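Down below is the structure, laid out as structure tokens.
None of the figures in this text is laboratory data; all of them are computed from the coordinates on show. Everything quoted here is computed from the prediction, not taken from an experiment. Cβ: placed from backbone, ideal geometry, glycine included. Neighbour counts: every protein chain shown.
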Amino acid sequence: MSASSASTYSSVPAAPALAGSSLPLGLGVAGLVVAVAGFFVDGPQAAAAGWLTALVFWVGIAVGFLFLIMLGYIFDAGWSVVLRRQLEHLVSVFKWLAVLFLPLLVLAWAKPGLLWHWMDPNFDLSTVGGHGTVGTDVLYGKKSGFLSLGFFTVRTVAYFGVWIGLAAVFRRNSFTQDADGEAKWTLSSRKWAAAGLALTAVSSTFAAIDWVKSLEYHWFSTMYGVWYFSNGMRGALSVLALVCIVGLARGTFTGVVNRTHLYDVGKLMLAFTVFWAYITFSQYFLIWNANVPEETFWYNLREVLHDGAPSQWKWVGLAILFGYFLVPFLYLLSYKVKTVPRLLAPVAVWILVLSLVDVCYNVLPFRKDAAGDPLPFLSLQLVWTIAAVVGVGGICVWSYLRSFPTAKLIPIRDPRINESLSHRE
């Protein structure tokens, strides 16, 4: 970066403290309190299932933020530099997500089999439509080297360690560069991004397998990690769009974020809508085409009850198909939608809501009734789930607002800052 360019932005102040930052914290704590109340009202499994759903949802989005930072460095993208600072604030949430995951680990050790049935060798599989116990299950025997409580705990700690470590590195490099302008910080971030993409891809894939797919450990899917990645990226891009829109409405991003930045974010939202559809359809089609009972049962449970009647989850699946793919796909085809904040904001919120529904579709049906059918989507379980989602989400927003005033509004001495600020179509 030239000396003249550096001096142009050296006077840019730190980002202003945002009023009302305590409100999300209060809302988050209140949501978590309601979620914990479910432990006593509806039983520990209901509360734990809602808590897990919330964490899977928000961790996926946070991992999406991390991917966006690393992809910007790997592709040396100039347009996204001014947006990267918001992503750097958003990834500050990982340490809080790790703290919020601790109750699930404690519960796993205190009550093995409550969430992840394979953790209890004496768990009666007939209660979930199987036979015998976990300890006598042939399939569990084949997977027991991987599916062990101790190894599960170590892996979970490792996942958060990778994400927290990478987030800290990118934040340190970018914030320090604001002060000294050294190009070495950009080079360091590019190297870390090259390694971090692989580490994050592997860790997020295994996290999805450990936390969600192993809830029904008989099931096989080679595309599950990519589903989690695509779902998280859709959520991350939607949150980024909303951050930009709110910042523009408040005047904070005036002269920094322009309609072309929004257009590029909107294009990525459309691209990942198509990518998610491709992954989700491919998983369904391959399982349907092979027609192997060890794979098809996962969808059967979500489509029909034991007596052949349609399950509530069938209609949830159809809502995901049309609401999560077709509606945003058709809506985002419009150029105007991607450049006008009041038009882009509704579809960003829509995608976030349907992203949560998709996570619910993957997590919650592991809970069965006496007949072995998944508990309905519209049940008391949904109350604790929404409370947990609001609770964890409130903590995430508070973490972002807490980090926001700690650095300049934009990376003032990034080598491509001029290009980003003058970005036009």
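Some values worked out for this structure:
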{"quantity": "Residue exposure sequence - His117, His131 - by fewest surrounding Cβ within 10 Å", "calculated": "His131, His117"}
{"quantity": "Interchain or long-range residues, amide H under 5 Å from Lys368's placed H", "calculated": "Leu375"}
{"quantity": "Semi-axes of the equivalent ellipsoid for the range 282-425, Cα gyration tensor, largest first, Å", "calculated": "40, 21, 15"}
{"quantity": "Whole-Hz couplings from phi, Karplus 6.51/-1.76/1.60, listed for the range 364-379; x for Gly and Pro", "calculated": "5, x, 5, 7, 10, 8, 4, 8, x, 8, x, 4, x, 4, 8, 9"}
{"quantity": "Highest-first arrangement of 359-368, 386-395, where packing means the average Cβ count within 10 Å", "calculated": "386-395, 359-368"}
{"quantity": "The range 209-242-the range 119-158 distance, computed between alpha-carbon centres (Å)", "calculated": "21 Å"}
{"quantity": "Protection proxy ranking of 336-347, 411-422 - average other beta-carbon atoms within 10 Å, highest first", "calculated": "411-422, 336-347"}
{"quantity": "Fully extended contour minus Cα-Cα distance, from Leu343 to Val292, at 0.36 nm per residue", "calculated": "13.9 nm"}
{"quantity": "Per residue Cα convex hull volume in Å³ - calculated over the range 52-163", "calculated": "128 Å³"}
{"quantity": "Sum of side-chain charges, Gly317 neighbourhood, beta-carbon under 10 Å (Lys, Arg +1; Asp, Glu -1)", "calculated": "0"}
{"quantity": "Charged-residue dipole, Cβ positions (Lys, Arg, Asp, Glu), the chain about Cα centre, Debye nearest 20", "calculated": "1280 debye"}
{"quantity": "15 Å reach of a label modelled at Trp350, 7 Å along Cα-to-Cβ, counting backbone N of the range 251-283", "calculated": "266-267, 269-271, 273-274"}
{"quantity": "In Hz, Karplus ³J(HN,Hα) per residue of the range 253-268 (6.51, -1.76, 1.60; θ = phi - 60°; x = Gly, Pro)", "calculated": "9, 4, x, 10, 9, 10, 5, 5, 4, 4, 4, 5, 5, x, 5, 5"}
{"quantity": "The range 174-247: translational diffusion in µm²/s, Stokes-Einstein, Kirkwood Rh over Cα pairs, 20 °C, 1.002 mPa s", "calculated": "142 µm²/s"}
{"quantity": "Stokes-Einstein diffusion coefficient of the chain, Kirkwood radius over Cα pairs, 20 °C, 1.002 mPa s, in µm²/s", "calculated": "95 µm²/s"}
{"quantity": "With Cα atoms, 0 to 90° folded angle of helix 94-110 axis to the chain main axis", "calculated": "20 degrees"}
{"quantity": "Descending Cα extents along the principal axes, the range 105-185, whole Å", "calculated": "65, 24, 20"}
{"quantity": "Mean residue ellipticity (222 nm) of the chain, computed from DSSP H runs ≥ 4 via -39,500 (n - 2.57), nearest 500", "calculated": "-23000 deg cm²/dmol"}
{"quantity": "Centroid-to-centroid separation of the range 321-349 and the range 263-278 [C-alpha atoms, Å]", "calculated": "10 Å"}
{"quantity": "Rounded to whole Hz, the Karplus (6.51, -1.76, 1.60) HN-Hα couplings of the range 213-229, x for glycine and proline", "calculated": "5, 6, 4, 10, 5, 6, 7, 10, 7, 8, 10, 5, x, 6, 4, 5, 4"}
{"quantity": "Nonlocal amide H pairs with Val304, under 5 Å, H built at 1.01 Å", "calculated": "Ser311"}
{"quantity": "Quarter of Cα convex hull surface for the range 180-297, i.e. mean projection, nm²", "calculated": "10.3 nm²"}
{"quantity": "Acute angle (nearest 10 degrees) that the helix 380-403 long axis makes with the longest principal axis of the chain, alpha-carbon atoms", "calculated": "20 degrees"}
